[in-house]
1. Can you pull out the trypsin sites (Lys or Arg not before Pro) in region 43-127 whose DSSP state is coil and whose Cβ has at most 13 other Cβ atoms within 10 Å?
2. Just to confirm my numbers, what's the Cα centroid distance between region 92-149 and region 276-290 in Å?
3. Where the only charges are on Cβ atoms (+1 Lys, Arg; -1 Asp, Glu), what is the dipole of region 237-311 about its Cα centre, to the nearest 20 debye?
4. Calculate the spin-label point distance for R285 paired with V205, positioning each point 7 Å from the Cα along the beta-carbon direction, and give it in nanometres.
5. Along Cα→Cβ, 7 Å out, is where each label goes; now give me the distance between the ones at N250 and A177 in nm to one decimal.
6. Just from its helices, what would the mean residue ellipticity at 222 nm be for the chain, if runs of 4 or more DSSP H residues each count -39500 (n - 2.57) and the sum is divided by every residue, rounded to the nearest 500 deg cm²/dmol?
7. In Å², and per residue, what accessible area does region 246-311 have when probed at 1.4 Å with the other protein chains present?
8. For Y256, what residues show an amide H to amide H distance below 5 Å, using hydrogens built from the backbone and excluding near sequence neighbours?
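The values are calculated or read from the model by the stated rules, or taken from the named source; none is laboratory data. Not measured: the values here are computed from a predicted model. Backbone-built Cβ (ideal geometry, glycine too); neighbour counts: all protein chains shown. Heads up: the accessible areas ignore ligands, DNA and RNA and are worked out on the full protein's heavy atoms, side chains in. Shrake-Rupley method; radii C 1.70, N 1.55, O 1.52, S 1.80 Å.
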Amino acid sequence: EMDPQERVFQQRIDTGQKIEPKEWMPEAYRKTLIRQISQHAHSEIVGQLPEGNWITRAPTLERKAILLAKVQDEAGHGLYLYCAAETLGISRDQMYEQLHSGKAKYSSIFNYPTLSWADIGAIGWLVDGAAIMNQVPLQRCSYGPYARAMVRICKEESFHQRQGFDILAKMVRGTPAQKEMVQDALDRWWWPSLMMFGPSDDASVHSAQSMAWKIKQNSNDELRQKFVDQTVPQAEYLGLTVPDPDLKWNEEKGGYDFGEPDWSEFFEVIAGNGPCNAERLGARRKAWGDGTWFRDGLTAHAEKVAARRAK
Ligand code: ACO
């Protein structure tokens, strides 16, 4: 039997009303949102690292300015999302602590290395492309602050996706070595990009409840299918080969059939054992440590000002 307060809450969700910070909500709804929004924020923050790696080596001044702006956008996305999570009663320090201790997850995709300039194109095209596919429906999420944060984030993500595609479109018209570099980037980023959508529906522990609460509007497999259907023609346009021997147009379903990602690799990466997990977390912990003197200074100053006022 659902308790009456919970029944009213579910009715509000079912009729498409937004839930706002100070309103009553089931504890499990609050917890699920804190988990998802904070993981999303951490992903944006950690996501700066693989691309930041190429800012000093961008091939032209224009590419450098564009990449710099994009990486700054990711920082901004992280900050809006931390703010949205704070409205649910968790502090930013608590969220950082969860990230730095390895307790909180962040997207699996950011634990892979960026080996060439083509990887920066592939990240924009595939990783930001997958992020948009996942985040557009989140604009309609039942929790108001998260839904509203997504509107601006999605606009910026579309710019990111196009800048990535543009890098690759230029490179595939370049030398054979450049074209090879692009194919190599696609070979390495394709499967990890499909894994961004999360485990298959039968292994997704949170999907059913999150969909009933309209936190998620689509299942992981639905969004993965949409991403493949959208991206394969773009790969063809670039003259590239998607590294999946099982990829085949299925006329009946009006979409592609495709192979199964290597789920054991996915679970290893989210357990902390991907190629770059230690490096990524190390960089975040170092940044936090390097900022200690500044936080201490701010606190000392705030205390002095408060003491002076109290006199
Ligand atoms: N990377 C890391 N962890 C993942 C991933 C992934 N790609 N996919 C699923 N997981 C984790 C879940 O967080 C969950 O772990 P937890 O219980 O410890 O939190 C577990 O795997 C089981 O997965 P699901 O039950 O399917 O989890 P959920 O319903 O939360 O769905 C999803 C996962 C689709 C990623 C969802 O959380 C979501 O939409 N998040 C918001 C978008 C987001 O975080 N994007 C970040 C990458 S995009 C970018 O930043 C550029």
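1. K103
2. So the two Cα centres are separated by 17 Å.
3. The dipole magnitude comes to about 1420 debye.
4. Each label point is offset 7 Å from its Cα along the Cβ direction, giving 2.4 nm.
5. 4.3
6. On the way: 14 runs with 196 residues, N = 311.
The helix-only estimate for the chain comes to -20500 deg cm²/dmol at 222 nm.
7. For region 246-311, the per-residue accessible area is 74 Å².
8. Amide H neighbours of Y256, under 5 Å, 5+ apart: D229, N250.
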